[in-house]
Structure formats: structure tokens, C-alpha cells
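Comments concern the structure below.
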Amino acid sequence: MIKKTTIALALTMAFCGTASAADNAAARQVQALEERIAKLEQLLQAVKSEAQQAGEVARKADSTASEAKAASTTQAALTEKAAETAGSFEFGAYARSGTLSGSDQFTVEGVGPYITPAARLGGAVGRLGLESDTYVEAKMARRFQTADGTTGVFHFMLADGTNSNNDWTAGENGVNVRHVFAELGNLAAFKGTAFEGATLWAGKRFDKKNFDIHFLDSDVVFLAGTGAGFYDAQVTPDWKTSFSVYGRDFVVDDQTTNGVDVRGKSYIATSNNYIGDWQVMLSGMRAKQNDVRYPERATTGYHGLLAYHAPSFYGVANGFSKTGVLYGNGLGAQVKVLGGQGSLLDDAEAVRVFTMGVTDLNANWKIAPALMAEVSKDRFNKGDDYKWATANVRLVNSINQNFAMTYEGSVQYMDLDSTFSSASGNFYKLTVAPTFKLDTGGGFFARPELRLFASYLAWDKDLNGFSYDGAQDPSGGFGNTRFNDDSKWLLGAQMEVWF
């Protein structure tokens, strides 16, 4: 039988053991909880660190975005400025370059459309297949505009020409500044007046209202020099008027007589009016010292042009045509280059008529006829009597998009009677020119063009050796050439471009 003391001791030990086990379990739970809390704190710290990093990234992103926006704004401003600057600058050009040889395979230089004895009077013939020179004009312009709409333009042109076929011609030609002038337009000060749309200008230039017959390489009127004026004052809804004053110098070999400067300087005042399709141009000229060296030379002159610029081909087809008459007296008897010739007499008179047009005959054929004729008397010497007339036709047949056959026929009649010589007869020219183009559908005046050509020239022998001043051509040649006999073949190639 177990003693009571033994049972009591056993119960006590069991109870104590049970309490100790409970304490140990509780301790383990507390420790585990502390570990979880520590891990949670670590996780929270990691999250906080990542959040801080994310915030830093966001701040950097915001900063980068701001910088990118600022850069984009700056770039946009720079691009706009560059576009504005680029848009305010213009460049254009005209150029031709070609070579000619005769049937004898010798190079021919210095021919051109002013080949006949009538050349000194402005008597050009068709230019196709006759040009052997290299000539280029480079035109630049810088435009300005203020907030109120006032505009300004600075114009500059360089030109160069030579008859040499060499690659280096610096010693044989002369680069020339053909124009340098400035314009102002849409001036706020002219608002509400007849000058509201007018343009003011000053400097050295060609007159804006010049126009030419391209196929003869002849201006109808060439007004140029150094001066000032205004363009396009609106007098009535159908009438615009322009006014200019130009100065030019006559070129003479010896510009002094007994120590006195006798270089002739001419001034040309011009009123140019467009009334609908009509043009009325009136000019007066004065060269004060022109009679010091040669007492009979003109010191004054006047000039008039009446022209009709038709918006159709003589009213019978699409295209355009221009027709007119010019008259000049004294210094104005040089009806083409106004104020450009100082050797004219006081009584010199000249009348010139012209007409030209361009139209499509059909989808593949284009035609451009031109006529120019002049009668003048008492021009360089008393009793001089000159008559000439040129008829020219250019035809273009488009074969495909890039190739066309170009044909040109020209006839010039001359009846020339000077104090020293007289001659009467005809000149004939026929040119065939295979032509390559960017697009034959671009029109008659689309350029560039590359041409091969063959020209046949023929003339009456009576024209050989004609002289205006008694200085006979020792070769007895024809016009401005050394050609003699009565005919000539020319072969060549040429490029022509303008934009």
C-alpha cells in the first residue's frame, strides 16, 4: 500500500512539471511573436526604403520631364526661328552654257542671236542653236517683316559671262554685280492712301516691269541703272502706276577732252502704267554733257511704249500673247535699252513693232511665233536710213515624258543705208534640237533642258562686209562674225536652266 506522503510528493512534482512546461510553451510563443514582429519591422523598413527610392525616382522623372519640356519648348522656338529665317531667304538663278563648231570641226565663238548686220540696231534672230557662250546669274533676296505688316526686301545679283570653252576663265571674263537694291512695302504710313499697296525702292537694279521675247533673247524694253522709285500705286481699281528715275553712264574710250570730263551721264524718268491688260509707258531722258565731245549728239530724248498683254493666244486659243509698238526720238531712238546709247543724233527717230505668243497645238505639240521689226533714220549720221524685220517660230514636239524634238526657223530682212555703206538682203536659219527635260508636260518654259542641235544658216552675199562707220571687216565676213560666202553649218550642245 502506497504511503500518503509518497502520493503527495508525486502530485506536487507533477503539478510543478506541468507549470514549468506551460511556462516554456508561453516563452516559445513570445519568442516566435517577437521574431515575427522583427521580420515585420524589417519588411516595413524595406517597404519604406523602396518607397523612398520610388519617390526619388519620381522626383527625378518629374525633373527630367520638366527639363524635356523646357528643351522641347526651346527646340520648338529654335525650329520656328530657323524656319522663319529659311523662309525669309530666296535664291534663284538663270544659266546657259554651250559649245558650237562648224562643219569644218573648228570651234565657233561669239555668235549668238545678234549675228547679222542689223545687230547694232537691236535686230536679233532666233537664238536656238546659235549660243556658244556661258552665262550665269545668281539672284539672292532676304525678306523682312514687322508686326504691323510692313515688309522689306534686300536683293543682290551676281552675273558672269564668257565665250571661252576653258574650265578656268578668270582672266577672260568679269564677275559683275548686276543689281543691289532694297524695297519697302505695305508701309503703315500709306494706309488709306493711293500708295497703300505701293512698293518703294532704291539702288541698282533692272526695272521690275521689263519683259522680253525669250526666243530672240531680246527685251522689249530694258530699263536699268541706279536710281529710285515706287511701284504699283493703285490709282483706280483697274489702273496701277509706277514711277522711277534711273542714272546711267555712257561708256567712251577717252572720257576727257582738253582736260574736261566729257563722260556722258544720262537720266531716265519713267511713268509706267497698267490699265487692265494695256500698258502705257512714257519716258524722258537727259544727258547734259553728251554734246561736249560730239556737238551733234543728242542731249535729250523721249520714248513711249503701248502694249497689250493678252491672257490668250490672240483670242483664238489658250496661252498668252503680247503685242505693242515703241517710238523714240533723240536719246530715246534706242528704243530697247533706255538711255543706254550716247551716239544718237538730236533728230534720230525709231519706230519698232513686236508681237509674240505661246500656245499648245495639241497634247504633244507647242508653238511660239514672234515678230519684231524696226524703222529708224538719222540715227548715227544725218541721212542714215535703216529697216529690219525678224520673224521666228519655235515648235516643240513631246515624244515622251523626258524627250522632245525642238525646231526653230528664223528669217530676217534688212535694208541698211548708212553714210559709209549700204546693203539689202535676207538671213535664214533653221535649227533642229533633240532635247531632254525633267518633264515635257511642264510647259514651254519648264527648265532645265539639255540640247543637241544642228543649225543651217544662209544669207544674201550683199550683206557681207556692211559697215556703219567705214571700218570694214577685213575678212569681208557676215555681220558680227568672220563668216563669208553665203551659208554655214553649226553643230553643238547646250544646257539652259532657270528657277
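The values are calculated or read from the model by the stated rules, or taken from the named source; none is laboratory data. The model shown is predicted, which means the values in this text are computed figures rather than measured ones. So basically every Cβ, Gly included, is an ideal-geometry build from the backbone, and we count neighbours across all protein chains shown.
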Residue in segment 319-330 that is of a type outside the set (Lys, Arg), in a loop (DSSP other than H, G, I, E, B), free of Cβ contacts under 8 Å to residues at least 60 places away in the same chain and on the phi < 0 side of the Ramachandran plot present: no
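Looking at this structure, is Glu196 closer than 30 Å to Met495 by Cα and in a loop (DSSP other than H, G, I, E, B)?
Values: closer than 30 Å to Met495 by Cα: no; in a loop (DSSP other than H, G, I, E, B): yes.
Spelling it out, it is not the case that Glu196 is closer than 30 Å to Met495 by Cα and in a loop (DSSP other than H, G, I, E, B).
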Positions within segment 331-370 being assigned to a loop (DSSP other than H, G, I, E, B), within 29 Å of the chain's Cα centre (by Cα), under 15 Å from Val396 (Cα atoms) and not aliphatic (A, V, I, L, M), in sequence order: Asn364
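Name the residue, out of Ser418, Ser424, that is surrounded by 15 or more Cβ atoms within 10 Å (Cβ to Cβ) and among the small types (Gly, Ala, Ser).
On the way: Ser424 fails: surrounded by 15 or more Cβ atoms within 10 Å (Cβ to Cβ).
Of the residues listed, the single one that is surrounded by 15 or more Cβ atoms within 10 Å (Cβ to Cβ) and among the small types (Gly, Ala, Ser) is Ser418.
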Criterion (modelled with pLDDT of 90 or more and within 19 Å of Val337 (Cα to Cα)) met by exactly one of Gly185, Gly203, Gly152: Gly203
Qualifying residues in segment 344-390 (those that are crowded, with 20+ Cβ neighbours inside 10 Å and of a type in the set (Ser, Thr, Tyr)) - the one nearest to Asp469 (Cα to Cα): Tyr386
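Are any of the residues in segment 463-471 assigned by TED's automatic domain parsing to the domain that holds Gln412 and under 27 Å from Gly357 (Cα atoms)? Reasoning before the result, please.
Taking segment 463-471 as the starting set, the residues that turn out to be assigned by TED's automatic domain parsing to the domain that holds Gln412 are 463-471.
Then drop every residue that is not under 27 Å from Gly357 (Cα atoms), which leaves none.
No: zero hits.
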